[in-house]
Amino acid sequence: MAGLASDGSNPDVSLLYDINGLAREAPPWFDRVMGFVGEYGIMLGLVLVALGCWWSVRRRGTLTDSVTALSGLVWAPLAAGIALLVNIPIRGFVERPRPFKDHEGLDVLVDGKTDFSFVSDHATMAMAIGVGIFVAHRKFGLAAIALAFAEGFCRVYMGVHYPTDVIGGFALGTAAALLLAPVALALLTPLVSAVARSRHGARLVRSRSAAERCTLPETLGVPEQRMGSAEKDLAA
């Protein structure tokens, strides 16, 4: 794709200069922080949100609720991986250079970006994980989606992506996480249910204290007697 005009006639480029211009005006230490946050920090934050979601859902509600939520949580990184795979041919087809290759005066905060720009892998992955966590738990999902939006801002601030690269990443990540969710959950729920019924994997799905509070057997597509035995294993 040919370079875009930088005379203000293209809103994508104008917004790029406006956001990246903040980096030129910020102190060097702040730019270093933003570079780290945009490259690694927000992804680490998404991992922490996912861990917090896991810790919460295994301690609250019923066993059925925990299995359903954890199935969605397992889907989140899988959706991100699928979205990144889909992005490989998209990048190869569009062949959009990084903005700093076509436009002068940008403050680029990270080195080594030699691949194509559209769409942003970081924005795609962050939004896919955020929407996947939202499928599992709305409160944690909203926090994850907020981090995904922050990731998109950082990528433009760092001078390595156009705003439309980020928007495309958001769209791709959301589509992968939502459109494939019904099939993914249909496959993952029985697997997580099997883990919940196992002796050694049950605590990954349900905490001991939550299992002890459960006084009635729950059904997850298995006989009631078997589910009661699983709850006893969890409480052991």
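Read the figures in this text as sums done on the coordinates, not as results from a lab. If you're wondering where the values come from, they're calculated on a predicted model, not measured in any experiment. All Cβ positions, even for glycine, are placed from backbone atoms using ideal geometry, and neighbour counts span all protein chains on display.
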Inset, instruction - Would you mind ranking 137, 103 so that the residue whose beta carbon has the fewest other beta carbons within 10 Å leads the list? - result: 103, 137
Legend entry - Ascending count of other beta-carbon atoms within 10 Å, so fewest first, for 62, 189: 62, 189
Legend entry - Ranked packing of 68-74, 18-24, 178-184, most packed first, by mean Cβ within 10 Å: 68-74, 18-24, 178-184
Legend entry - Pairwise label distance in nanometres, residue 107 with residue 15, each label 7 Å out on the Cα-Cβ vector: 2.1 nm
Inset, instruction - For a footprinting-style exposure proxy, rank 167, 42, 90 by other Cβ within 10 Å, fewest first. - result: 90, 167, 42
Legend entry - Anisotropy class of the stretch 24-111 from Cα gyration tensor, a/c 1.5 cut: oblate
Legend entry - Inter-label distance for residue 199 and residue 94, nm, one decimal - labels placed 7 Å from Cα along Cα-to-Cβ: 5.3 nm
Legend entry - Separation in nanometres of the label points that stand 7 Å from Cα toward Cβ, at residue 33 and residue 179: 3.9 nm
